[in-house]
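The values are calculated or read from the model by the stated rules, or taken from the named source; none is laboratory data. Keep in mind the model is a prediction, meaning the values are calculated, not measured. Glycine gets a Cβ as well: all are built from the backbone with ideal geometry, and neighbour counts include every protein chain shown.
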Amino acid sequence: MRSQYVFTPSTRPLHFIGTFALAILMWSCIFPGQVRGDENRWGFGSDLGLTTGTVNGTVFALGFNVDYYADRNFSFGPMMQISPTGNLFQIAFAGVGKYHLRLNNGFNLVPFTGIGLIHADLDRGTGPSQINRNDTSWYIPIGLSLEYQVLHNIALASTLMVNLHDINLQPSLPEKDRTSISLMFGFRWGP
């Protein structure tokens with residue numbers, strides 16, 4: 001007996017990602033920067049902190065990012081946020097664009113946003129009330145970093161980030177997880 005329901009995956013996210021990639025490609029062709037061979041254009045960041053509003057309450061989080069500086073004030077690259085402890089294992093990847101507003105007193109304000117994917121795996125309890133569910137969703141991080149330049153290429157950073165997503169662990173949990181907030185502290189190494 002054949003089932004009358006056939007699963008057909010949506011191609012809408014693929015169209016959005018393709019459009020986004022095409023826009024970046026067109027931007028890089030229209031506004032090519034002059035690149036010198038001896039100029040370092042890569043940066044790296046690492047953070048640790050807390051994420052609140054997850055399906056498991058407040059959890060410890062680690063963050064990593066790599067930045068390619070198109071010019072002194074604009075960078076883009078991958079960002080990863082991971083919550084490896086407790087009942088919740090959550091990992092998020094996003095492509096992020098950042099604008100670096102450099103103030104005269106050694107402070108930098110860095111607003112950023114991006115788009116990517118998040119995966120949450122909740123394994124809580126034992127017996128009949130055990131919850132063992134996972135879900136993958138789209139992910140949009142929106143945040144602001146405050147950086148203090150310790151040296152010309154090393155900065156201390158604090159980041160406040162709102163994470164938009166749609167984690168659904170139903171029927172085990174009645175509510176959906178649509179947002180979380182992260183407060184992270186870390187270091188930035190840049191050109």
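Counting only residues that are surrounded by fewer than 19 Cβ atoms within 10 Å (Cβ to Cβ) and either among the aromatic types (Phe, Trp, Tyr) or closer than 15 Å to Thr52 by Cα (or both), region 121-141 holds 1 of them. Looking across region 62-88 at every residue that is over 17 Å from Leu117 (Cα atoms) and among the polar types (S, T, N, Q), the one that is surrounded by the fewest Cβ atoms within 10 Å (Cβ to Cβ) is identified as Thr85. Taken together, the residues in region 143-169 that are over 23 Å from Ala94 (Cβ atoms) and free of Cβ contacts under 8 Å to residues at least 24 places away in the same chain amount to 3.
Results for (1) closer than 30 Å to Arg133 by Cβ; (2) at pLDDT below 65, shown as yes or no for each residue.
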position: Gln4; (1), (2): yes, yes
position: Thr11; (1), (2): yes, yes
position: Ile17; (1), (2): yes, yes
position: Leu22; (1), (2): no, yes
position: Met26; (1), (2): no, yes
position: Val55; (1), (2): yes, no
position: Ala61; (1), (2): yes, no
position: Val66; (1), (2): no, no
position: Asn73; (1), (2): no, no
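If you go through region 132-152 and keep only what is farther than 18 Å from Ser83 by Cα and at pLDDT below 90, you end up with just His152. For region 179-191, the tally of residues that are buried (at least 16 other Cβ atoms within 10 Å of the Cβ) and either touching a Lys or Arg at 6+ places or on another chain (Cβ under 6 Å) or among the hydroxyl-bearing types (Ser, Thr, Tyr) (or both) stands at 2.
Here is the figure for region 149-178: residues that are closer than 30 Å to Arg102 by Cα and surrounded by 15 or more Cβ atoms within 10 Å (Cβ to Cβ) total 9.
The residues of region 87-116 that are without any contact (Cβ under 8 Å) to a residue 40 or more places away in the chain and out of contact with any Gly (no Cβ under 9 Å at 6 or more places or on another chain), listed by number, are Phe89, Gln90, Ile91, Tyr99, Leu101, Arg102, Leu103, Asn104, Asn105, Leu109.
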